[in-house]
Amino acid sequence: MNIDDIFEFGQYKSLSLKDVYQGTLNINRELLRNFLINCLGDKNVPKPHIFDFLEIQIGFEEINIDPNIFNEEKLESMQNTILIGNVAGDLQNYFNYFFSPNWRGITQSFERFNRSNLSTVIGGDPEYLIWCSKEIQEFTLNSQTKDELEKLQVHRLKGISVEQREGYQNSYVYKPIIRTEYFQF
């Protein structure tokens, strides 16, 4: 296979060899948002207890928290609203369980969610190319292609960071955490 050839099989069908190897720095925000919403519904990962007192809305770049009220028979007011403080760490830790290899098989990984939805380029996966070389008889990487690939950086999606928006008590910004490295065959 050459660097710009398209996969016609497997989990990366319709992506180029370069795309699979390298990944991207520009994660599809709609895909990431939908994945995070899906994570909130997952019953396999315990949620922090504070989540019991919140309504969580996830946008394309932000997470907004709407704290529950103490007594639903009374009007909503500061005196009747649960005060939660900064929950950025709770949100980040919870969502990053879904990017951890330790939870794969128990939870749906971002990669699998991607394949079942939009199938766009996300984090690089050079290990898949090694697997294909060993397991698929028709798949070969010549030394020139390997040399070309090794000169490219691999972008690996590691999770998300969550920070409270300055000046907003219940609003947070989230961003993908991407580690960039070189890979050797």
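Where a number appears in this text, it was derived from the coordinates with a stated rule and is not lab data. All of these numbers come straight from a predicted model, not from anything done at the bench. In this analysis, Cβ positions are derived from the backbone assuming ideal geometry, glycine residues included, and neighbour counts consider all displayed protein chains.
What number, in nm² with one decimal, is the all-direction average of the projected area of the convex hull of the alpha-carbon atoms of the chain?
In nm², the orientation-averaged hull projection of the chain is 12.4.
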Once the Cβ-Cβ distance between V173 and H49 is put in as r, and R0 is 30 Å, what FRET efficiency do you end up with, to the nearest 0.05? 0.80
Which whole-Hz couplings ³J(HN,Hα) result when phi for each residue of segment 50-60 is put into the Karplus expression 6.51 cos²θ - 1.76 cosθ + 1.60, θ = phi - 60°, listed in order with x for Gly and Pro? 4, 4, 5, 10, 10, 9, 10, 10, 10, x, 6
Find how much the distance from Q184 to N64 grows on full extension, using 0.36 nm per residue of separation minus their present alpha carbon separation; answer in nm with one decimal. 39.0 nm
Nearest 0.05, what FRET efficiency do I130 and D42 give at R0 = 35 Å with Cβ-Cβ as r? 0.70
S100 paired with N142, simple spin-label distance in nm, labels 7 Å along Cα-to-beta-carbon: 4.5 nm
